[in-house]
Protein chains: 2
Amino acid sequence: METIYSENHKLRDAQTELYGGQLVYPFERPSRLDYIHERLTEVGLGPISAPDSFGMAPILAVHDFAYVAFLQSAWDRWQAAGFEGEAIANAWPARRMVQTCPTHIDGQLGYYALAAETSITQGTWQAALSSAHVALTGAERVRAGAQSCFALCRPPGHHAAKDLYGGYCFLNNSAIAAQHFRDNGMARVAILDVDFHHGNGTQDIFYDREDVLFVSLHGAPEYAFPYFLGYANETGTGAGEGFTLNLPMPPGTGFDIWRTALATALERVAEYAPDALIVSLGVDSFETDPISFFKLTSSDFTIMGADIAAAGLPTLFVMEGGYDIAEIGINTVNVLEGFQGH
Amino acid sequence: METIYSENHKLRDAQTELYGGQLVYPFERPSRLDYIHERLTEVGLGPISAPDSFGMAPILAVHDFAYVAFLQSAWDRWQAAGFEGEAIANAWPARRMVQTCPTHIDGQLGYYALAAETSITQGTWQAALSSAHVALTGAERVRAGAQSCFALCRPPGHHAAKDLYGGYCFLNNSAIAAQHFRDNGMARVAILDVDFHHGNGTQDIFYDREDVLFVSLHGAPEYAFPYFLGYANETGTGAGEGFTLNLPMPPGTGFDIWRTALATALERVAEYAPDALIVSLGVDSFETDPISFFKLTSSDFTIMGADIAAAGLPTLFVMEGGYDIAEIGINTVNVLEGFQGH
Ligand SMILES: [Zn+2]
Ligand SMILES: [Zn+2]
């Protein structure tokens with residue numbers, strides 16, 4: 001399996017994350033990809049290639065122009081305003097307030113954010129754009145006939161909506177790849193999100209559409225970030241009714257229950273019969289992940305990969321979360337090896 | 001003029017405020033009231049009395065029960081969850097997400113917050129409850145016939161809605177006092193909010209009601225916290241249509257323009273002919289306030305007090321903001337002396 005990867009991800013190296021009332025070094029950090037890259041090389045999974053450029057059009061096919069312009073300029077404007085820390089959202093349009101984007105950068109951060117843990121810093125935009133191009137390059141490989149490809153994206157994307165960032169995500173790489181498939185001849189695309197966290201951004205982007213199926217396995221929103229989306233009763237709206245499937249699971253869920261949910265998810269995917277499958281691949285379902293509560297072991301990830309392969313679909317893996325850094329390489333590559341070994 | 005004051009405000013002494021991407025010692029700090037108390041004594045404005053207790057009923061006449069229960073237990077639950085910093089909201093229901101209160105305390109903070117600058121800490125609830133009782137005691141004095149009374153509240157209240165905290169506010173002292181007036185025989189109450197910031201919580205609480213008039217002078221929401229409420233086109237809804245009047249003003253506004261807006265506000269109050277006036281008294285419109293952008297001078301506050309006195313209404317002053325600590329005593333007491341000297 002070919003991997004698409006760019007060193008540009010290192011341009012994103014925020015120093016602060018708001019966690020438990022403190023500013024800590026972010027869980028989502030550059031070394032995550034070092035461990036994955038190293039493991040890919042170690043097991044010789046396949047070639048590792050640089051991404052091509054796709055310009056802004058496929059980004060703007062998913063995200064609002066004003067949101068993208070905000071992301072591009074936010075750090076410079078924050079610095080120009082004289083603030084001394086990294087750019088963190090501080091006030092937002094809560095219940096019954098107006099959804100009007102303010103003029104001041106401090107207010108704009110709150111308008112476009114869904115969480116305060118994600119700082120915007122020098123290089124964030126460049127890394128996010130490169131990450132989207134990694135996903136698009138992987139999508140092109142699958143379009144060209146590859147049975148699978150691994151888009152080693154960073155920053156991740158599945159929490160980003162058309163006009164919202166947060167959860168370490170700025171551009172929704174999986175959604176951008178799915179839209180690219182649709183805009184280039186594929187009639188139906190399925191996104192299977194196996195990251196521990198609900199892919200709220202991806203769900204939101206396709207919630208009223210029947211041409212992209214969204215299926216997610218994740219920690220129950222009562223207990224897990226992003227808290228305010230991912231309930232089982234969210235099934236789509238309008239033409240999209242029935243094309244969102246959420247499978248939330250409670251704290252402590254192990255692989256036996258998780259794998260049953262995966263079977264349910266893959267059954268729905270098979271019924272949908274998509275032209276391609278995109279897997280939002282997070283490995284924060286791992287038992288010792290510091291910010292999650294599922295109990296998957298390293299060998300479970302190999303089975304996960306094999307189960308996904310059994311769907312028999314052209315498959316693009318897009319990297320999302322995973323924060324037990326030391327094990328992230330093994331767990332991620334186990335999924336890919338499991339897929340290949342099937 | 002009598003002042004109502006309780007040392008209990010000191011139970012609220014958060015150590016961290018998220019500001020400019022850093023955690024700093026909060027602008028809203030106990031020493032604010034020390035300076036005001038000292039100045040009150042210095043000029044001999046009148047007696048300083050302790051508040052009476054009013055129990056929970058007048059609080060629950062304004063705030064949701066579940067919200068109050070959350071405030072009461074949040075700090076203990078946050079600590080029990082193992083977090084090490086003060087309790088700060090980190091993820092919230094952004095656009096198109098669901099307004100369902102999560103189970104986990106980390107998610108609940110985001111559900112009930114409108115901003116991340118306001119940490120919840122040991123003693124916060126006790127201080128907030130005492131602050132509300134200070135306002136209620138002042139309201140009782142005015143009900144009993146005093147022409148004016150100063151409720152020296154801390155923490156402030158005007159950003160707190162029935163189920164939202166933030167902007168240093170937890171319980172809406174002015175709204176609780178207004179509701180207390182209404183529930184004890186007064187037909188109409190007017191609230192004049194002269195704090196630099198828009199009193200979004202107060203507006204929200206009475207937005208659909210004609211029995212409480214809300215008039216606010218504040219920094220334009222395009223540029224100033226709380227950013228997502230306070231526009232001139234917000235005039236009330238349903239039976240409350242026409243009973244909200246917002247007078248937002250741009251950065252750099254000085255007293256000449258500000259005083260003209262005050263005249264407009266007082267004209268609306270006179271037309272309404274309320275049984276009593278509540279002044280949400282913030283002095284962060286001061287020229288060197290560190291988080292605001294109006295340009296009032298200390299002597300302007302004296303004129304402000306005289307202008308308000310000219311309305312000839314029984315008046316309850318309720319302390320809100322003001323963050324130029326060294327001058328907060330002079331500026332606050334200037335308003336009260338201006339009122340008395342009229
Ligand atoms: Zn995740
Ligand atoms: Zn204020």
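Nothing in this text is a laboratory measurement; each read-out follows from the coordinates by a stated rule. All of these numbers come straight from a predicted model, not from anything done at the bench. So basically every Cβ, Gly included, is an ideal-geometry build from the backbone, and we count neighbours across all protein chains shown.
Structural remarks
- The residue pairs whose first member lies in the stretch A:251-266 and is farther than 14 Å from residue A:286 by Cβ, whose second member is exposed (fewer than 14 other Cβ atoms within 10 Å of the Cβ), and whose beta carbons are closer than 8 Å, counting only pairs six or more residues apart or on different chains, are A:266/A:310.
- Of the helices (runs of 4 or more DSSP H) lying entirely inside the stretch A:1-105, those containing at least 2 residues that are in contact with a strand residue (DSSP E or B) (Cβ under 9 Å, 6 or more places away or on another chain) and either within 14 Å of chain B (Cβ to nearest Cβ) or in contact (Cβ under 8 Å) with a residue 60 or more places away in the chain (or both) are A:31-43, A:65-80.
- When residues in the stretch B:146-187 are screened for being outside any strand (DSSP E or B), small (Gly, Ala, Ser), in contact with a helix residue (DSSP H, G or I) (Cβ under 9 Å, 6 or more places away or on another chain) and away from ligand 2 (no atom under 16 Å from the Cβ), 4 of them pass.
- Any chance residue A:157 is within 16 Å of ligand 1 (Cβ to nearest atom) and within 11 Å of chain B (Cβ to nearest Cβ): no
Results for (1) in contact with a Ser or Thr (Cβ under 6 Å, 6 or more places away or on another chain); (2) surrounded by 15 or more Cβ atoms within 10 Å (Cβ to Cβ), shown as yes or no for each residue.
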site: A:40; (1), (2): yes, yes
site: A:80; (1), (2): no, no
site: A:96; (1), (2): no, yes
site: A:99; (1), (2): no, no
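- Filtering the stretch B:287-342 to residues that are within 14 Å of ligand 2 (Cβ to nearest atom) and assigned to a loop (DSSP other than H, G, I, E, B) leaves B:289, B:290, B:291, B:292, B:293, B:294, B:320, B:321, B:322, B:323, B:324.
- Per-region count, the stretch A:317-327, residues over 23 Å from residue A:177 (Cα atoms) and buried (at least 23 other Cβ atoms within 10 Å of the Cβ): 0
- Considering the stretch A:310-342, the residues that are within 16 Å of ligand 1 (Cβ to nearest atom) and of a type in the set (S, T, N, Q) include one that is farthest from the chain's Cα centre (by Cα), namely A:331.
- Qualifying positions in the stretch A:265-284 - exposed (fewer than 14 other Cβ atoms within 10 Å of the Cβ) and in a helix (DSSP H, G or I): A:267, A:271
- Within the stretch A:212-242, the set of residues being in contact with a helix residue (DSSP H, G or I) (Cβ under 6 Å, 6 or more places away or on another chain) and within 15 Å of residue A:269 (Cβ to Cβ) comprises A:212, A:213, A:214, A:215, A:217.
- Residue B:255 away from ligand 1 (no atom under 16 Å from the Cβ), under 26 Å from residue B:32 (Cα atoms), in contact with a strand residue (DSSP E or B) (Cβ under 6 Å, 6 or more places away or on another chain) and not polar (S, T, N, Q): yes
- Any hit, the stretch B:199-208, residues being away from chain A (no Cβ under 14 Å) and away from ligand 1 (no atom under 16 Å from the Cβ): no
- Residue match in the stretch B:164-175 (condition: under 27 Å from residue B:309 (Cβ atoms), more than 16 Å from ligand 1 (Cβ to nearest atom) and aliphatic (A, V, I, L, M)): yes
- Unmet criterion (only one of (1) within 16 Å of ligand 1 (Cβ to nearest atom); (2) closer than 25 Å to residue B:81 by Cα; (3) out of contact with any strand residue (DSSP E or B) (no Cβ under 7 Å at 6 or more places or on another chain)) for residue A:304: (2)
- Among the residues of the stretch B:181-198, those that are in contact with a Leu (Cβ under 9 Å, 6 or more places away or on another chain) and either surrounded by 24 or more Cβ atoms within 10 Å (Cβ to Cβ) or of a type in the set (Phe, Trp, Tyr) (or both) comprise B:181, B:189, B:190, B:191, B:192, B:193, B:194, B:195, B:196, B:198.
- Residues satisfying the stated conditions in the stretch A:276-291, i.e. in contact (Cβ under 8 Å) with a residue 24 or more places away in the chain and either within 14 Å of another protein chain (Cβ to nearest Cβ) or more than 11 Å from ligand 1 (Cβ to nearest atom) (or both): A:276, A:277, A:278, A:279, A:288, A:290, A:291
- When the stretch B:232-246 is filtered for residues that are touching a strand residue (DSSP E or B) at 6+ places or on another chain (Cβ under 8 Å) and buried (at least 19 other Cβ atoms within 10 Å of the Cβ), the ones remaining, listed by number, are B:234, B:236, B:243, B:244, B:245, B:246.
- Residue count for the stretch B:111-144 satisfying the condition of being in contact (Cβ under 8 Å) with a residue 40 or more places away in the chain, more than 14 Å from chain A (Cβ to nearest Cβ) and either of a type in the set (D, E, K, R) or assigned to a loop (DSSP other than H, G, I, E, B) (or both): 4.
- Residue B:22 falls short on exactly one of the conditions (1) closer than 19 Å to residue A:116 by Cβ; (2) buried (at least 19 other Cβ atoms within 10 Å of the Cβ), and that condition is (2).
- Out of B:223, B:227, sole residue that is assigned to a loop (DSSP other than H, G, I, E, B) and crowded, with 24+ Cβ neighbours inside 10 Å: B:227
- Any hit, the stretch B:292-315, residues being touching a residue at least 60 places away in the same chain (Cβ under 8 Å) and on the phi > 0 side of the Ramachandran plot: no
- Scanning the stretch B:188-198 for residues that are assigned to a strand (DSSP E or B) and closer than 20 Å to residue B:229 by Cβ, we see that the one that is farthest from ligand 1 (Cβ to nearest atom) is B:190.
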